[in-house]
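Q: Got a structure here, written out as structure tokens. Questions coming.
Every number here is computed from the coordinates shown, using simple stated rules; none is lab data. Please read these numbers as outputs of a predicted model, since none were measured by experiment. Note that each Cβ is placed from the backbone with ideal geometry, even for glycine, and that neighbours are counted across all protein chains shown.
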Amino acid sequence: MTTHSCLRTYLTRNEAELDQALLRSCGFETIIQADDAGGMQPHLLFGNGGVRLLIHSSQADEAAQVLDATTTAE
């Protein structure tokens, strides 16, 4: 069984998708988990903990470093 970790939590699906695209360009496989009816009802995210970016647990530390590097570079 594959174990995933929540790498980050976002307020919107768009923010999560931007980081997902960055990580995928670096070779990471990620999953976006959001309870917003497939994007049709984004207001549901506010009561359900937001949008979660999941990654395989064995890659979580390395992926976090990639995201941290891009955040501090701005």
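Q: Under 15 Å from the Cβ of Q59, count the other residues' Cβ atoms, weight Lys and Arg +1, Asp and Glu -1, and hand me the total.
A: -3
Q: By counting other Cβ atoms within 10 Å of each Cβ, how are D19, D35 ranked from fewest to most?
A: Ordered by Cβ neighbours within 10 Å, fewest first: D35, D19.
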